[in-house]
1. Using a simple charge model, +1 on the beta-carbon of Lys and Arg, -1 on the beta-carbon of Asp and Glu, nothing else, what dipole does the stretch 96-156 show about its Cα centre, in debye to the nearest 20?
2. Taking the dipole about the Cα centre of the chain, with the C-beta of Lys and Arg at +1 and of Asp and Glu at -1, give me whichever of Ala467, Ala78, Val158 is farthest to the positive side.
3. What residue among Ala361, Leu495, Ile104 has its Cα farthest toward the positive end of the dipole of the chain, where the charges are +1 on Lys, Arg and -1 on Asp, Glu, each on the Cβ?
4. For a protection proxy built on the mean count of beta-carbon atoms within 10 angstrom, sort 361-368, 62-69 highest first, please.
5. Would you work out which of Gly410, Ser375, Pro319 lies farthest towards the positive end of the dipole of the stretch 274-431? Charges go on Cβ: Lys and Arg +1, Asp and Glu -1.
6. Per q in 0.05 1/Å, what log10 I(q)/I(0) does a Debye calculation on the alpha-carbon atoms of the chain return?
7. Beta carbons within 10 angstrom, averaged per residue: use that to sort the peptides 33-44, 114-125, 257-268, highest first.
8. So, by mean Cβ neighbours within 10 angstrom, what's the order for 78-87, 438-447 with the highest one leading?
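Only the coordinates and a few stated rules stand behind these numbers; no lab work does. This structure is a prediction, so every number in the text was calculated from the model and none was measured. Note that each Cβ is placed from the backbone with ideal geometry, even for glycine, and that neighbours are counted across all protein chains shown.
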Amino acid sequence: MLNLSRRTLLASVAALSLSRTDTTRADPSRHYDVIVVGGGTAGIPCALFAAQGGARVLLIEKSPALGGTLFWSTGQIAGAGTVFQQRLGITDSPDAHFDDCMRINENTADPALTRLTVDHAGDTINWLAERGFEVMAGHPVTGIGHDHFTTRRYQQGVKSGLSILEAFLPSLEASIAQQQVTLLTGTAVEGLIQERSGKIVGVTATGPSGTHDFRGSHVVLASGGCAANPRLFEDLHGVPLYAKTAYPTSQGDGLILGMSAGGAIVGGEKYASLPGLVPDAWQYPAQMHAWAPLHPMVRQPWEILVNARGERFVREDHPSVHQIERGIYRQPGHRHWAIYDADMLAKSEPIIPDWSRDRLATEHQSHPMFSRAMSLETLAFRAGINAAALKQNIDDYNRRVRQGETDRLGRTHRPMTIEKAPFYAIAMQGWTLVSFAGLSVNTNFQVLDPERRPILNLFAIGEVIGAGATSGAAYTNGMLVTPAITFGRLLGARLAKSD
Ligand SMILES: Cc1cc2nc3c(=O)[nH]c(=O)nc-3n(C[C@H](O)[C@H](O)[C@H](O)COP(=O)(O)OP(=O)(O)OC[C@H]3O[C@@H](n4cnc5c(N)ncnc54)[C@H](O)[C@@H]3O)c2cc1C
């Protein structure tokens with residue numbers, strides 16, 4: 001999911017999106033059919049489909065530019081029955097997509113919301129394709145950074161998330177020009193207007209022209225997750241935000257707005273950890289210094305992984321990277337160390353993509369997460385790992401490799417023993433790009449209270465419903481961007497038809 005060249009992409013398109021969307025003065029005395037809070041991945045298609053269905057729409061975006069997380073997101077999406085699959089003669093079905101998703105996340109995603117996604121995901125991708133969305137060469141594929149599907153249905157736009165934003169914008173501009181959508185940028189929704197009956201009848205928003213109430217028949221929260229808000233994130237997940245990698249606007253405003261109206265928060269327990277982030281320091285939230293995918297389908301492991309106690313804890317070449325992630329999740333502080341020796345450094349592909357062997361060998365001179373020593377005991381001391389246990393675990397690993405015995409954790413890719421000094425350790429941290437907790441919704445996207453009763457006229461789509469809803473306790477290929485766009489389309493069209 002990580003978009004490593006996001007700064008370059010951000011620079012190239014920020015100007016584009018700013019110049020192509022105008023801020024119109026919204027009339028507080030006017031009644032809107034649909035008010036959409038957040039002009040990102042989910043909010044833009046929702047506003048568009050509502051407008052195209054005949055609704056008067058007010059789209060309110062806190063940032064100066066539309067797009068939200070699409071500026072950073074890799075935008076990898078999945079769907080069955082797409083034009084991109086047809087091009088390659090791939091046959092597929094929503095049922096097969098559903099089964100793959102639930103297999104990958106071990107049945108932890110909401111089955112009804114997953115079903116709704118996969119049933120409409122092909123249409124979503126074809127709709128994007130009609131608007132110029134083009135995929136990378138060789139796509140769709142079965143997988144990239146997470147556990148693979150059994151069929152090629154997963155794709156990334158040639159400009160990552162920006163390919164999706166570029167497909168959205170011309171239609172939105174047309175709707176704005178036809179006055180079907182009123183757009184307010186640089187305007188933050190700060191409150192929901194709720195009647196005594198519990199019904200939502202509008203929002204309070206602050207922008208360049210001050211604070212105003214806007215009345216509407218339906219309010220849609222599409223303001224993203226909370227993985228850029230360390231305090232809220234930890235409150236809702238019970239896990240610190242170990243690294244700050246989410247888009248900065250992911251402050252959880254919609255979760256707070258939804259809670260203020262009586263909405264229930266669900267899914268925090270589904271928190272799932274990505275592997276291999278090398279933090280800038282042992283501080284929370286850390287910044288990413290480097291990243292090692294630790295994905296056996298990307299690179300078979302040469303090194304071993306240990307925890308602070310010096311123990312190996314997971315089969316490093318497990319065919320499921322999700323299982324490696326779960327193993328890391330079970331370690332104190334989700335910390336893990338990759339340990340390797342001089343021969344491994346010389347012979348293997350660098351564990352950090354795009355790094356040279358030289359850099360891996362010398363980074364310890366300038367960075368605290370990298371250690372090097374002539375003995376395992378000194379290495380353990382420098383890296384902050386239990387030395388006796390590290391030595392014992394490596395002795396056991398080496399002995400089994402030499403004698404051709406089965407590995408203690410079932411690892412089969414064991415190209416060599418760890419015995420040639422100097423020895424190296426890289427300290428790594430489990431991390432997340434997204435928040436798993438979110439507002440409880442039903443398949444009509446109505447926000448639900450703790451008794452699962454709908455809060456009238458209040459809806460939520462996108463990451464504000466929590467990654468746990470559609471991705472489960474795992475990183476399931478495309479199961480955030482795909483449902484965000486799909487639910488935006490479905491909800492916008494439905495709201496245009498309702499009173
Ligand atoms: C680096 C990275 C890579 C990723 N890669 C993938 C991937 O490949 N595939 C995948 O499925 N998922 C991926 N994800 C996750 C996915 O991109 C997000 O979950 C999804 O884009 C969120 O969409 P959204 O509409 O909920 O939020 P956003 O797209 O962030 O939109 C929310 C909008 O609401 C606005 N807003 C916030 N508060 C307010 C307020 N109070 N008033 C008005 N507006 C407000 C924000 O400014 C923002 O524009 C990735 C995430 C990251 C960070």
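1. Details: 5 positive and 9 negative charges, 26 e Å.
Here the stretch 96-156 has a charge dipole of around 120 debye.
2. Val158
3. The listed residue farthest towards the positive side: Ala361.
4. Details: 361-368: 14.5, 62-69: 23.6.
Highest-to-lowest ranking by the protection proxy: 62-69, 361-368.
5. Positive-most Cα among the choices belongs to Gly410.
6. Log10 of I(q)/I(0), two decimals: -0.21.
7. Order by mean packing, descending: 33-44, 114-125, 257-268.
8. 438-447, 78-87
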